Amino acid sequence: MKPLKRPVRRILLVVHVAVSVSWLGLSLGLLALGLTAYTTADPSLTSAAYRAMGVFADWLLLPVAAITLVSGLVLSLGTSWGLARHYWVWTKFWLTLVTAAATVFALRPEIANAAAAGVPDSSLVAAPLVSTSAYLFMTAISVLKPWGLTRRGRRLRERRGRRAGGARARTGPPA
């Protein structure tokens, strides 16, 4: 993919950060609702909390997860970070893919089942807790950028260095 032009990259970065933070906020909201539903003695509050979780899951989680995944993918492919050049980018990609899939295929159906049953469900406390932890971890590695280059990233850097070194040798002053 061609490198993104600066204005496009900056807009895409703002979109990516905004939707990623939204996903974290949604996850925290789901955790609060799941804890409320699980710990209350009031069946009507349990049912209401699960219905509210259903609204979040049906209307917000899927688009936010999709936009996060797509914007991160385009940013990684359109910048020097690359998708598989740095371990932190590669890790974020796979964690985003796994959490998005878990949202679609596990969390949303479980919320629908719990809302229909109206019975406390510990998995609807555990799932938002795990996803919140994953999003906080991804936020941390986005800021800290740990672990360095992947094997592919080292190969690309060496290849670039050899080409640059060869070009300098040919264009340098005559011996």
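Over the heavy atoms of Ile67, what accessible area does a 1.4 Å probe trace out, to the nearest 10 Å²?
Ignoring ligands and nucleic acids, Ile67 comes out at about 80 Å².
Along the Cα-to-Cβ line of Ala18, 7 Å from the Cα, sits a label point; which residues in the range 46-75 have backbone N less than 18 Å from it?
60-75
In degrees from 0 to 90, rounded to the nearest 10, what is the angle of the helix 123-144 Cα long axis to the longest principal axis of the chain?
The two axes meet at around 20 degrees.
What distance in nm separates the two pseudo spin-label positions at Arg163 and Arg6, each 7 Å out from Cα along the beta-carbon direction?
Those two pseudo-labels are separated by 2.3 nm.
Where the centre of each part is set by its Cα atoms, how far does the range 77-137 sit from the range 5-31, in angstrom?
Going from one Cα centre to the other spans 15 Å.
Between Ala117 and Leu45, what is the FRET efficiency for a Förster distance of 22 Å, r being their Cβ-Cβ separation, to the nearest 0.05? Show your work: numbers first, answer last.
Working: r = 15 Å, r/R0 = 0.66.
Efficiency computed from Cβ-Cβ geometry: 0.90.
Under the 0.36 nm per residue contour assumption, what length would be gained going from the current alpha-carbon distance of Trp147 and Leu35 to full extension? Mind showing how you got there, number by number?
Numbers: separation 112, 0.36 × 112 = 40.32 nm, distance 3.51 nm.
Taking Trp147 through Leu35 to full extension adds about 36.8 nm, to one decimal.
Taking the range 77-142 on its own, what percent of its Cα-Cα pair distances exceed 16 Å? Let's see the in-between values first.
Values: 1183 of 2145 pairs.
Taking all Cα-Cα pairs of the range 77-142, the fraction more than 16 Å apart is 55 percent.
What number, rounded to the nearest 500 deg cm²/dmol, is the helix-based mean residue ellipticity at 222 nm of the chain, given -39500 (n - 2.57) per DSSP H run of at least four residues and division by all its residues? Write down the numbers at each step before the final one.
Numbers: 7 runs with 133 residues, N = 175.
The per-residue figure over the chain is -26000 deg cm²/dmol.
So for the pair Val55, Arg154, with labels modelled 7 Å out along Cα→Cβ, what separation do we get in nm?
Placing both labels 7 Å along Cα→Cβ, they lie 5.2 nm apart.
What do you get for the angle between helix 62-77 and the principal long axis of the chain? Use alpha-carbon atoms, 0 to 90 degrees, nearest ten.
The answer is roughly 10 degrees.
Straight-line reach only, C-alpha to C-alpha below 21 angstrom: list the lysines that Lys92 could link to, leaving out same-chain residues fewer than 8 apart.
Hits, sequence-local ones excluded: Lys145.
Quote the charge dipole size of the range 1-153 about the Cα centre in Debye, to the nearest 20; the model charges only the Cβ of Lys and Arg (+1) and of Asp and Glu (-1). Numbers along the way, then the final one.
Values: 12 positive and 4 negative charges, 251 e Å.
That gives the range 1-153 a dipole magnitude of about 1200 debye.
What's the carbon and sulfur percent of the range 1-122's accessible surface, probe 1.4 angstrom, rounded to a whole number? It would help to have the intermediate numbers written out before the result.
On the way: 4850 of 6670 Å².
Of the solvent-accessible surface of the range 1-122, carbon and sulfur hold 73 percent.
Over the residues of the chain, compute the C-alpha Rg and express it relative to 2.2 N^0.38 Å. Walk me through the numbers on the way to the answer.
Numbers: Rg = 21.8 Å, N = 175, 2.2 N^0.38 = 15.7 Å.
The value comes to 1.39.
Could you tell me the calculated FRET efficiency between Leu77 and Ala106, based on Cβ-Cβ distance and R0 = 41 angstrom, to the nearest 0.05?
Working: r = 28 Å, r/R0 = 0.68.
Taking R0 as 41 Å, the efficiency between Leu77 and Ala106 is 0.90.
Identify which of Pro120, Pro63, Pro43 has the largest mean-square fluctuation in a Gaussian network model of the chain, with springs joining Cα atoms closer than 10 Å.
Highest fluctuation among the options: Pro43.
Taking the chain as the reference, fit the longest principal axis to its C-alpha atoms, fit the long axis of helix 108-117 to the helix C-alpha atoms, and give the angle between the two in degrees, 0 to 90, nearest 10.
Tilt relative to the chain: about 10 degrees.
Loop-only check: which trypsin sites (Lys or Arg not before Pro) in the range 1-50 are DSSP coil with at most 13 other Cβ within 10 angstrom?
Working: sites: Lys5, Arg9, Arg10; in loops: Lys5.
Taking the range 1-50 and a limit of 13 other Cβ atoms within 10 Å, the loop trypsin sites (Lys or Arg not before Pro) found are Lys5.
The values are calculated or read from the model by the stated rules, or taken from the named source; none is laboratory data. As the structure is a prediction and not an experimental result, all values here were calculated from the model. All Cβ positions, glycine included, derive from the backbone under ideal geometry; neighbour counts span all protein chains shown. What goes into the accessible areas is simple: the full protein's heavy atoms, side chains included, and nothing from ligands, DNA or RNA. Shrake-Rupley method; radii C 1.70, N 1.55, O 1.52, S 1.80 Å.
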